[in-house]
Amino acid sequence: MRKDWNIDKILRQGFWRRQREEQDKDSPQGLSGMEPTSAGRGVSEPAFCPEHPLPGRAVAARRRLLLVLCVYGLIFLGLAVRNGRILALVLPLLLYLGLAFFHAPPEIRLHVARSLSSDRVTQGTTVEVRLSITNLGAALEDVLLIDCAPPLPLKKGRMRLHCSLQAGETLEWSYIVDGGRGNYVFRGIHVLASDRLGLFQRWATFDAPERLFVMPEVFNLKRIAIRPQRTRVYSGLIPARLGGPGVEFFGVREYQQGDSVRWINWRATARQQEKWLINEFEQERAADVGLILDTRRRSYRQAGNEVLFEYAVQATAALADRFLSDGNRVGLLLYGDLLSWTFPGYGKIQRERILQSLAQARLGESLYFDEFRHLPTRLFPTHSQVVLITPLLQEDLPMLILLRARGYQLLVISPDPVSFEERYLKKSPEIELAKRFAYLQRVLLLHNLRQAGVRVLDWQTGTPLAQAVHASLGRQPVWFQALGLEV
Amino acid sequence: MFAIFPLVACGLFWLLGLWQGWGWVGTAILLVFILAAAGGLLLNLGPGWMLLGLVAALVAWDLDHLSRRLHGAETETRRMLERAHILRLLPVVTAGLFLGGAAMVLRVRFGFGLALLLGLLLVVGLSRVLGSFAQR
């Protein structure tokens, strides 16, 4: 009971967090870039985006203080020694201060609008970020604009701009970024206006929110032959173990009124007396497919970096795309530091949901979800198809066997960490020996899984996923199956 | 005459600070030059040179800050802002030299009390003006 409550709580937290993020995105504040979220003349930090500090704000105050102290010092010295010429030295400093004060920046009133060339791209695609800044107030003679952009690699242009803005002038500014998989939030821009001599400054922060999803690349896979024990009522491509309309021969049965005479099995009927037999085909229906992506950091630790995880994410995206294209109902569970559950659904919208969830997938650590022992199996309908994408750990074996025993059709797609890591290691006798040990251990693990009735795809990441899937999980021809050569 | 050498050394140290990116050197040397100008006047050295030295130090300090502020700006923008900055600085330098020079040449006699009053007025006025920016 306690375990279930915890899972519910964690799932609920994830749900509310997503809801809050959606609300934040749609809030009216997000649509307006006219009113500054924060503004001032001091040296306090802006309301958001502390990772992009405004440079030189404290410097201006220090310079002003230095000049004022020099003026005071010269006045007191001149009076103390009764020397008018020392007092005369104050004049250039006073003029400098006076002119800067006369041209001190007015209140900053800008309209800031941001647009992205695309708010949803796949990895490796560049995105142009365009900013349009209109000065609604008085002229600003020296302005530093800093975009509070997420940490994306800059391909072209700049994320900060030094310029001057006349009253009513509109400045168009753009730069190009690209980046790895993720959900990136652009917030707003910091504006630092000062006089030309840099003694008096004002700053403001304007909202210009946008969100960029960098999705994992989706590779096209050919048909994957899955055969869950239970299917849904809707027609699809999964053999349903039920007779009815279909393509594959299923059996013969007695003719019933309304059956098409085209399906009468004349040979079988000739052997019977007073009975008409017709061919029956296997119904093909949609199925429930639950994808589980292992996001536990320790599963990928042996590979030493996050590249293997990227392979796993790409495999999950490709599998989700394939199963949804075949008309199945697909859900996704990210199992790592916490549970992120994408509720099962059909079609393109579900594909988008799954890709967005995968875009945000990160490796994490949690004591509670350290092992698959706490896998929330009740999220998946009994006897449905479960596809687990994981490099596999030795400790995972009992839970996977248990899943199989509970009636789930389990398919494990396992990017091979041994061969993956081998690529990054120097050749030496010790490494060779260690590799052989690790390889034997893995072979034994996969063998035990197969013995338990779990289908396993041992994916060497050097081979394209489509090729590996087609070879191991593609639908076998009937004659191939009839000869008992089923893989 | 020998006082020139420390000042030249200060100038060279400033250049070294610019090269090394030491932000505090400019401020420290401006203070040195202001103190040197005041000291020179106390020692009855040429007032024109003292004034010129102070204004030159002020200009150098300002341009040092400008180069730091525009570091990383696009070349075209940088040129435009530099031009505008120098156009703003030029009247300050001209008027500062002219008014300062005039103040050094002209001799107006008034008592210590009046001088103290004027000095206090200047201090209070300047403080109020700067305070008004913070309150505005």
Of all the residues that make up the range B:50-67, how many are more than 9 Å from chain A (Cβ to nearest Cβ) and either touching a Leu at 6+ places or on another chain (Cβ under 7 Å) or not polar (S, T, N, Q) (or both)?
-> 8
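For (1) more than 14 Å from chain B (Cβ to nearest Cβ); (2) assigned to a strand (DSSP E or B); (3) touching a Lys or Arg at 6+ places or on another chain (Cβ under 9 Å), each residue gets a yes or a no:
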residue	(1), (2), (3)
A:E128	yes, yes, yes
A:P151	yes, no, no
A:V218	yes, no, yes
A:K222	yes, no, yes
Filtered residue count, the range A:65-110, keeping only those that are at the interface with chain B (Cβ under 7 Å from one of its Cβ atoms), among the basic types (K, R) and within 59 Å of the chain's Cα centre (by Cα) | 0
Looking at the range A:222-235, is at least one residue among the small types (G, A, S) and under 30 Å from A:L339 (Cα atoms)?
-> yes
Of all residues in the range A:339-380, how many are under 26 Å from A:F219 (Cβ atoms) and among the basic types (K, R)?
-> 4
Starting from residues that are hydroxyl-bearing (S, T, Y) and farther than 30 Å from A:A60 by Cβ, keep the ones in the range A:196-244 and report whichever is surrounded by the fewest Cβ atoms within 10 Å (Cβ to Cβ).
-> A:Y234
Closer than 21 Å to B:E74 by Cα and among the small types (G, A, S), is that true of A:S118?
-> no
Kindly list the number of the only condition in (1) more than 10 Å from every other protein chain (Cβ to nearest Cβ); (2) touching a Leu at 6+ places or on another chain (Cβ under 8 Å); (3) within 22 Å of A:A58 (Cα to Cα); (4) not acidic (D, E) that fails for B:A36.
-> (3)
Expected output for the range B:68-83 (first residue closer than 14 Å to A:R196 by Cβ and more than 7 Å from every other protein chain (Cβ to nearest Cβ), partner at pLDDT below 90 and in a loop (DSSP other than H, G, I, E, B), Cβ below 6 Å, 6+ apart or cross-chain) is B:R78/B:L70
Filter result for B:R78 (over 18 Å from the mean Cα position of the chain (by Cα) and basic (K, R)) = yes
In the range B:107-136, anything facing another protein chain (nearest Cβ under 9 Å), part of a loop (DSSP other than H, G, I, E, B) and within 19 Å of A:L74 (Cα to Cα) is listed as B:R107, B:V108
From B:A57, B:A9, B:A73, B:A37, residue being crowded, with 18+ Cβ neighbours inside 10 Å, more than 12 Å from the chain's Cα centre (by Cα) and either on the phi < 0 side of the Ramachandran plot or not hydroxyl-bearing (S, T, Y) (or both) | B:A73
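The values are calculated or read from the model by the stated rules, or taken from the named source; none is laboratory data. Just so it is clear, the model here is predicted, and its values are computed rather than measured. FYI the Cβ positions are ideal-geometry reconstructions off the backbone, even for glycines, and counts take in every protein chain you see.
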